[in-house]
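For reference, the structure is listed below as structure tokens.
Every read-out reported here was derived from the displayed coordinates using simple, explicitly stated rules and does not represent laboratory data. These numbers come from a predicted model, not from an experiment. Don't worry about glycine lacking a Cβ; one is built from the backbone with ideal geometry, like all the others, and counts go over all protein chains shown.
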Amino acid sequence: MTDKLIHVDENDKVLGSLPKLESHLAKAISAGVTHRAFSVFLFSPEDHSLLIQKRAPTKIGFPREWANTCCSHPLHIPEEMDTKKNIGVKRAASKRLGAELGISSVSPTSLSYKDKILYRQLSPGGVYGESEVDYILFARYPKSAQIQINPDEVEQSKWVQPGPKGNRVKNLKSFLASETMNGFPPTPWFNLMVNEGECLERWWEQIISENQNFFSSEHDESIRRFV
């Protein structure tokens, strides 16, 4: 928690650095103090399934909640602040995939940037939370490839198959609804992507219809705001 994160405004303009712990405290969230983050989505080339994870019970924010494949923050260091083709965020994401899931074969250049979202949410208990400009990154990863979860970061991982055309998130929504009933809901950022603005529905459909073209192209869209 001593790492320095990238302090940004709501338009993702860099303002300086922030201590990781301080940036996640409720008073910072309530004041709208925002940092840069990333969310990685890995899809299998075999059947376009999405790899999701359940956060470890020791996480201070949103423990034992379900999220996309990997979520974290680029640090306030030159190699992770490089904005050319978003390579700084991609370097951080590639490194984090290894730290959380033992995935070392997803290089920074194999990640594709597609979107940004701005959101703000307190964690249960109201002590910690997130206020992030979140870069959405995609890559392929075979189901047959190795996953070795770090129990300090991840409790469980799971592949979820896409639903039918027009409702690609059907299976995922059913799974998350069942887990929520058991006390394990989705994280706020993952919930937004699944249920608000049809973000994941649109991305999943594009992956299936465009296939390789989706992963080889980059988007530079305006920030989707959920605040």
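Of N182, N150, N211, the residue with the greatest mean-square motion in the GNM of the chain, using alpha carbon springs below 10 Å, is N182. The value obtained for the chain, namely the Cα convex hull volume divided by the number of residues, is 114 Å³ per residue.
Largest GNM mean-square fluctuation among K114, K13, K90, using the chain with Cα springs under 10 Å: K13. List the GluC sites (Glu not before Pro) in the stretch 13-106 that DSSP assigns to loop (not H, G, I, E or B) and whose Cβ has at most 16 other Cβ atoms within 10 Å. Which are they? Hits after loop and neighbour filter: E46. Build a GNM of the chain with springs between Cα atoms under 10 Å apart, and of I117, I149, I77 the one that fluctuates most is I77. A simple charge model with +1 on the Cβ of Lys and Arg, -1 on the Cβ of Asp and Glu and nothing else charged puts the dipole of the chain at about 180 debye relative to its Cα centre. Summing charges over all other residues whose Cβ lies under 15 Å from the Cβ of R120, with Lys and Arg as +1 and Asp and Glu as -1, gives -2. Place a point 7 Å from Cα of A31 in the direction of its Cβ. Which residues in the stretch 115-157 have their backbone N less than 20 Å from it? Hits in the stretch 115-157 for A31 at 20 Å: 119-123, 126-133. Measure out, as a whole number of angstrom, how far apart the alpha-carbon centroids of the stretch 147-217 and the stretch 16-92 sit. Each part reduced to its Cα centre gives a spacing of 16 Å.
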